[in-house]
Amino acid sequence: FGYGGGVIGRYCDQPEKFPGVAHFHTVRVAQPSGMFYKTEFLRQLCDLWELRGSGLTNMHGATGDIVLIGTSTPQLEEIFFELTHNMNNDLGGSGSNLRTPAACLGESRCEYACYDTQELCYQLTQQYQDELHRPAFPYKFKFKFDGCSLGCVASIARSDMSFIGTWRDEIRVDQKAVAAHVGGELAPNAGAYAGRDWGKFDIQKEVVERCPSQCIRYENGKLEINNKECVRCVHCICVMPRALKIGNDRGCSILVGAKAPILDGPQMGSLHHPFFKVEEPYDQIREFIE
């Protein structure tokens, strides 16, 4: 029933010795944008894989997909029919073609998100779904959508075209909240790591000196940022989230050509567009992709 771009064929080279795993195919299933699930859907998925597969799952694979590990060839059509007709879900992508786009939670839950990652991911998934199943690409190609440079879906080195949220005006600073952080009234890192004895919060060591572009200074009880030198790494905002906020003129940067070779490690893509306004119907972005 059509071509399944999300099925990875796995075979044992000694099927006579190990008939139980003579076939052990992997099935990649498209995850919902932002990876939000209803319990009902997860139960359906587990029931399907217990019946038609090994019961082993991976939530989620490196590409973002729901990964169902281990089934036999006669079950593939049954799995695909059940997923698409009864669960309203599709296979993801694998092999030398377009892979399943993946997005962080974005504006649904995160105050650092600079654009609606889920909506852009959903729209481009709908546009390119056919390329996931009937490969029009001679090679693997991935989109990933990060709402900010914290990179919760690791777009910067794990996708061929990464969309990273950014802003082009100034970081908003609340000097009263800065003083509250310095004075110990507000916990750094929004209270994370609070169970460990890190000592008194030191704004010079933990914020100023850790800025990669050295664009922050703290003098006479006042925090100042040279926004022209800021690289939007979000470190200072994470440490003092009540005192510092992302700018208001928001959009995304587009990088192309990242890779993660085993010996050299992850390599950042080339910055192709420093700033794009992310607005429906995303015509500029679609044009650039084409």
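Quick notes on this structure:
- Taking the criterion of being of a type in the set (S, T, N, Q) and free of Cβ contacts under 8 Å to residues at least 40 places away in the same chain, the residues of the stretch 16-57 that qualify are THR39, SER54, THR57.
- Qualifying positions in the stretch 56-89 - under 26 Å from the mean Cα position of the chain (by Cα) and within 20 Å of CYS12 (Cα to Cα): LEU56, THR57, VAL67, LEU68, ILE69, GLY70
- Test set (1) buried (at least 22 other Cβ atoms within 10 Å of the Cβ); (2) not assigned by the TED database to the domain that holds MET35 - CYS110 fails condition number: (1)
- The stretch 148-172, residues that are open to solvent by 60 Å² or more (accessible area, probe 1.4 Å) and not basic (Lys, Arg): LEU150, CYS152, ILE156, GLU170
- Test: residue in the stretch 174-182 that is in a loop (DSSP other than H, G, I, E, B), farther than 30 Å from GLY61 by Cα and open to solvent by 80 Å² or more (accessible area, probe 1.4 Å): no
- Verdict on PHE145 being in a helix (DSSP H, G or I) and either closer than 25 Å to LEU244 by Cβ or open to solvent by 30 Å² or more (accessible area, probe 1.4 Å) (or both): no
- Check on THR166, at negative phi and in contact with a helix residue (DSSP H, G or I) (Cβ under 6 Å, 6 or more places away or on another chain): no
- Pick from the stretch 240-290, criterion in contact with a Pro (Cβ under 7 Å, 6 or more places away or on another chain) and modelled with pLDDT of 95 or more, ranking: surrounded by the fewest Cβ atoms within 10 Å (Cβ to Cβ): SER253
- Filter result for ALA136 (open to solvent by 20 Å² or more (accessible area, probe 1.4 Å) and in a loop (DSSP other than H, G, I, E, B)): yes
- Close pairs from the stretch 58-86: first under 15 Å from GLY5 (Cβ atoms) and open to solvent by less than 60 Å² (accessible area, probe 1.4 Å), partner part of a strand (DSSP E or B) and acidic (Asp, Glu), Cβ under 8 Å, at least 6 apart: none
- Only one of the numbered conditions (1) out of contact with any Cys (no Cβ under 7 Å at 6 or more places or on another chain); (2) in contact (Cβ under 8 Å) with a residue 24 or more places away in the chain; (3) not assigned by the TED database to the domain that holds PHE141 is violated by VAL234, and that is (1).
The values are calculated or read from the model by the stated rules, or taken from the named source; none is laboratory data. Computed from a predicted structure; not experimentally measured. Glycine gets a Cβ as well: all are built from the backbone with ideal geometry, and neighbour counts include every protein chain shown. Areas reflect the complete protein model, heavy atoms only, side chains present, ligands, DNA and RNA absent. Shrake-Rupley method; radii C 1.70, N 1.55, O 1.52, S 1.80 Å.
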